[in-house]
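K.L.:
My structure is below; once you've seen it, I'll send some questions.
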Amino acid sequence: MVNDIAIARNDFPILKEVVNGQPLAYLDNAATTQKPQAVIDALVHYYQHDNANIHRGVYTLAERATEQYEAVRQQVATFINAASVAEIVFTRGTTTSLNWVAQTYAPTILQAGDEIVISIMEHHSNLVPWQQVAQRTGAKLRYVELTASGELDLAQYGDLLNARTKIVSLTHVSNVLGTINPIKKMTAMAHAVGATVVIDGAQATGHFPVDVQELDCDFYAFSGHKMYGPTGIGVLYGREALLTAMPPAEFGGEMINLVTRQKTDFKPAPAKFEAGTMPIAQVIGLGAAISYLQHLGWPAIIAQEQQLTAQAYQELTAITGVTVYGPTEPTRRSSVLSFNLQGLHPHDLATVLDMQGVAIRAGHHCAQPLMTDLGVSATARASFAFYNNQADLRQLVTAVQAAKEFFKL
Ligand code: PMP
């Protein structure tokens, strides 16, 4: 269905932008994806027709807004195959989801001397919160290391796990290396020592189907804006029993059953986590994004992204002086390609590419310990979405070659 995918590009108005006199080749999808007209329309429609605060009003508009908001919770539950709608908490994004687990759930199970296992390829969002909780509780933070091919070292991971391991928190897909981690297997290994498993799904949910019951993880975090939805909305999936045990991170309106002068009785999960007025329009926009993805279907999305990534990998590595990081085996990686051109700082490379209309990211990608491990201070990163095409790829490769010639590298 490559044809449908080619047509789907037209659903994204921003992709018609001209940047510095060149057609926009948007290749920073790992930072945030563009929004299809269906998502933009859902936001506008909500504000034009249904805008009201949820859960409180008895009038028609409030009921309409509430119904739509709660319908998206069901949609999300189905999307990731959660066992129950009560396991879906709306948050501000992956960062908030991970922080809540680290700040409120983790301290209930951690004692001094316990261990938290994360990997060296974690985004700071799944690293700094664990450092903080380790400092607070006296737990020790331990790292799963990389193999030479940019994958997690499962043998070393196995050696790390022991009876003191209380939490294992891993990214599903690396935002730098593109590595798809064997989460199901790693979760089973963690459960065998009794650890709670938290997964950062920020780079996964827009790219391939995620089934939390199949993975068997305990918590799963992701962001709407990386899967064609609005910014300001994310999800924390948690097993019902864990969400029941987890204290709320924020307190205020709507999350209570009864407040007296000295005490409060909270609503059950997920309501007890959603204090105050939630990003209602963004939730509805997320629902539109999920519908859009389901309409396109995973096979077409995956085929297009894999094809572009494999081809970009080949063409970039063919340029002398270019190093591409991460797995060499295309099926072991998602649509993220980090690379460097010898002799040119990635920031300069990204600036030169921007002059050609090519939008890529350069920097440490919020993964400084990984950069240190790779022996670089920064990389350039091209990341693909299903709406990218051969023209985007040509623009990227031609611009890298031109930069090389211009700087006589
Ligand atoms: N984890 C990973 C792997 C990411 O790529 C990102 C976003 N770059 C995040 C977490 C944080 O997501 P957000 O900024 O949407 O909270």
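The values are calculated or read from the model by the stated rules, or taken from the named source; none is laboratory data. Treat the numbers as computed from the prediction; the structure is a model and nothing was measured. Backbone-built Cβ (ideal geometry, glycine too); neighbour counts: all protein chains shown. Accessible surface is based on the protein model in full, side chains and every heavy atom, while ligands, DNA and RNA are left aside. Shrake-Rupley method; radii C 1.70, N 1.55, O 1.52, S 1.80 Å.
Listed here are the residues, each with its yes/no results for (1) outside the structural domain of Ile233 (by TED's automatic domain parsing); (2) within 16 Å of the ligand (Cβ to nearest atom); (3) more than 20 Å from Ala289 (Cβ to Cβ); (4) without any contact (Cβ under 8 Å) to a residue 40 or more places away in the chain.
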site	(1), (2), (3), (4)
Ala77	no, no, no, yes
Trp100	no, yes, yes, no
Gln103	no, yes, yes, no
Asp114	no, no, yes, no
Val117	no, no, yes, no
Ser125	no, yes, yes, no
Gln135	no, no, yes, yes
Leu146	no, yes, yes, no
Gly150	no, yes, yes, no
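K.L.:
How about the range 118-205: which helices (runs of 4 or more DSSP H) wholly inside it have at least 2 residues that are aliphatic (A, V, I, L, M) and buried (at least 23 other Cβ atoms within 10 Å of the Cβ)? Outline the logic, then answer.
P.N.:
Details: elements: 128-137, 154-160, 183-192.
Answer list for the range 118-205: 183-192.
K.L.:
List the number of the failed condition for Ala241; all other conditions in (1) away from the ligand (no atom under 16 Å from the Cβ); (2) in a loop (DSSP other than H, G, I, E, B); (3) on the phi < 0 side of the Ramachandran plot hold.
P.N.:
It fails just one condition, (2).
K.L.:
If a residue must be within 17 Å of Leu215 (Cβ to Cβ) and of a type outside the set (A, V, I, L, M, F, W, C), how many such residues does the range 141-184 contain?
P.N.:
9
K.L.:
Say we look at the range 321-346 and pick out the residues that are at pLDDT below 95 and surrounded by fewer than 21 Cβ atoms within 10 Å (Cβ to Cβ); which of these is nearest to the chain's Cα centre (by Cα)?
P.N.:
Arg332
Residues checked against (1) on the phi > 0 side of the Ramachandran plot; (2) of a type in the set (S, T, N, Q):
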residue	(1), (2)
Ala6	no, no
Asn20	yes, yes
Gln37	no, yes
Arg56	no, no
Thr60	no, yes
Thr66	no, yes
Gln74	no, yes
Ser97	no, yes
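K.L.:
Another question about this same structure. Of the residues in the range 363-377, how many are more than 14 Å from the ligand (Cβ to nearest atom) and in contact with a helix residue (DSSP H, G or I) (Cβ under 9 Å, 6 or more places away or on another chain)?
P.N.:
Within the range 363-377, residues that are more than 14 Å from the ligand (Cβ to nearest atom) and in contact with a helix residue (DSSP H, G or I) (Cβ under 9 Å, 6 or more places away or on another chain) number 2.
K.L.:
Quick one: is Val72 within 16 Å of the ligand (Cβ to nearest atom) and open to solvent by less than 30 Å² (accessible area, probe 1.4 Å)? Spell out how you get there, then give the answer.
P.N.:
Values: within 16 Å of the ligand (Cβ to nearest atom): no; open to solvent by less than 30 Å² (accessible area, probe 1.4 Å): yes.
Considered against the rule, which asks whether it is within 16 Å of the ligand (Cβ to nearest atom) and open to solvent by less than 30 Å² (accessible area, probe 1.4 Å), Val72 comes out as no.
K.L.:
Right, here's the next one. Among (1) of a type outside the set (S, T, N, Q); (2) outside the structural domain of Leu177 (by TED's automatic domain parsing); (3) not in a helix (DSSP H, G or I), there is one condition His55 misses while meeting the rest; what is its number?
P.N.:
That leaves (2) as the condition not met.
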